[in-house]
1. Run the helix sum for the chain: -39,500 (n - 2.57) per DSSP H stretch of 4+ residues, divided by residue count, reported at 222 nm to the nearest 500 deg cm²/dmol.
2. Show me the GluC sites (Glu not before Pro) within segment 50-156 that DSSP assigns to loop and that have at most 13 other Cβ atoms within 10 Å of their Cβ.
3. Work from the charge dipole of the chain (Cβ charges, +1 for Lys and Arg, -1 for Asp and Glu, about the Cα centre) and give the residue of 113, 89, 150 farthest towards its positive end.
4. Report D for the chain in µm² per second (integer): Stokes-Einstein, Kirkwood Rh on Cα pairs, 25 °C, 0.890 mPa s.
5. Placing +1 on the Cβ of each Lys and Arg and -1 on the Cβ of each Asp and Glu in the chain, which of 124, 18, 49 has its Cα farthest towards the positive end of the resulting dipole?
6. If you put +1 on each Lys and Arg Cβ and -1 on each Asp and Glu Cβ, how big is the dipole of segment 43-118 around its Cα centre, in Debye rounded to 20?
7. Scan the chain and hand back the longest stretch that contains none of the trypsin sites (Lys or Arg not before Pro) lying in DSSP loops with at most 11 other Cβ atoms within 10 Å.
8. Under unit Cβ charges (Lys, Arg +1; Asp, Glu -1), what dipole magnitude, rounded to 20 debye, does the chain have relative to its Cα centre?
Amino acid sequence: MVRSATILDATTRRIVLALDADPRATVGGLAESLRLARGTVQSRIAQLFDGRTLRPQSVTVPPEALGYSIRAIVTAEVDQDRFDEAMVALREIPTIIECVATSGQNDLLCQVVARDTDDLYAVGQRILRCPGIRRTATSIVLKELITYRTTPLLEQ
């Protein structure tokens, strides 16, 4: 099930685009550059955070800057009777940076990071030992071709 989010209107999209361009912009600076009332900018930004429309991370740090040079995609099949138990255990693995439920042959797709191939093997084994995980498959990311992005969506 896709998480329900507030649909952003044109004014809020302009504010988000401006923040993407300059995350340290002040409310006053945004209001001036966008030719909006300061109160409008302030209330729209507050709504974005209060409504949990923005991702919870305030700063995106690339894993490479933290010593994690390898990124991989791990798919997993889960015993549905133990799904909740599996998720509790997976949340305890800090090198899983994203996990989504999928349709099709696999139940989960996890994006993981590791310091080297030995570390990646250990992460994979830790995932496999989680209660309810039946089997996994790991694919190493060779190159990021399109980074996570929403700017093109905001510009529509």
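1. Details: 6 runs with 58 residues, N = 156.
Calculated from helices alone, the mean residue ellipticity at 222 nm is -11000 deg cm²/dmol.
2. Working: sites: 64, 77, 85, 92, 98, 144, 155; in loops: 92, 144, 155.
Hits after loop and neighbour filter: 92, 144, 155.
3. About the Cα centre, the residue reaching furthest to the positive side is 150.
4. Working: Rh = 18.2 Å.
Stokes-Einstein gives a translational diffusion coefficient of 135 µm²/s.
5. Farthest towards the positive pole: 18.
6. Details: 7 positive and 12 negative charges, 111 e Å.
Its charge dipole is roughly 540 debye.
7. Numbers: sites that count: 3, 24, 35, 52, 129, 143, 149.
Segment 53-128 is the longest.
8. Values: 19 positive and 19 negative charges, 90 e Å.
Rounded to the nearest 20 debye, it is 440 debye.
Where a number appears in this text, it was derived from the coordinates with a stated rule and is not lab data. Note that this is a predicted model, so its numbers are computed, not measured. Here Cβ is always computed from backbone atoms with ideal geometry, including for glycine, and neighbour counts include all displayed protein chains.
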